[in-house]
1. Can you work out which of the residues in segment 21-51 that are aliphatic (A, V, I, L, M) and more than 16 Å from S62 (Cα to Cα) is surrounded by the most Cβ atoms within 10 Å (Cβ to Cβ)?
2. So if I check each of A68, A3, A59, A18, which one is out of contact with any Gly (no Cβ under 8 Å at 6 or more places or on another chain), exposed (fewer than 13 other Cβ atoms within 10 Å of the Cβ), small (G, A, S) and not in a strand (DSSP E or B)?
3. Please list, ordered by first then second residue, the pairs with beta carbon atoms under 8 Å, 6 or more apart or interchain, first in segment 21-37 and assigned to a loop (DSSP other than H, G, I, E, B), second among the hydrophobic types (A, V, I, L, M, F, W, C) and surrounded by fewer than 17 Cβ atoms within 10 Å (Cβ to Cβ).
4. Quickly run through segment 35-60 and pick out the residues that are farther than 20 Å from T10 by Cβ and modelled with pLDDT of 85 or more.
5. So, R7, is that one among the basic types (K, R) and more than 9 Å from the chain's Cα centre (by Cα) or not?
Amino acid sequence: MQARIDRLETGHFGDVEAVGEDVCELRIFYGPGYRVYFTKKNGVVVILLSGGDKSTQKADISNAKEIARQLEV
């Protein structure tokens, strides 16, 4: 999972889905299907402190959107 996140630094986003409110879901096809949520603020990619797997996806997206609204970068 860390290797996948590290690739974001070089601009290699891979399998990403926009989920609304400038939040994107980085899908990691390993185990239960992990998801990590991020946004871009002022040209900076911000990995949100939210993630989970397919079973918690809806709640994780809501949480990620709330965190994104509160960010000041």
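The values are calculated or read from the model by the stated rules, or taken from the named source; none is laboratory data. Model, not experiment: these values are computed from the prediction. We place every Cβ from the backbone using ideal geometry, glycine too, and count neighbours over all the protein chains shown.
1. Keep residues of segment 21-51 that are aliphatic (A, V, I, L, M), which gives 23, 26, 28, 36, 44-49.
Next, from what is left, pick out any that are more than 16 Å from S62 (Cα to Cα): 28, 44-46.
On the way: I28: 19, V44: 9, V45: 14, V46: 16.
Across segment 21-51, the extreme among qualifying residues is I28.
2. Working: A68 fails: exposed (fewer than 13 other Cβ atoms within 10 Å of the Cβ); A59 fails: out of contact with any Gly (no Cβ under 8 Å at 6 or more places or on another chain); A18 fails: not in a strand (DSSP E or B).
The unique qualifying residue is A3.
3. That search, which allows pairs on different chains as well, returns Y30/M1.
4. Across segment 35-60, the qualifying residues are R35, G51, G52, D53, K54, S55, T56, Q57, K58, A59, D60.
5. The answer is yes for R7.
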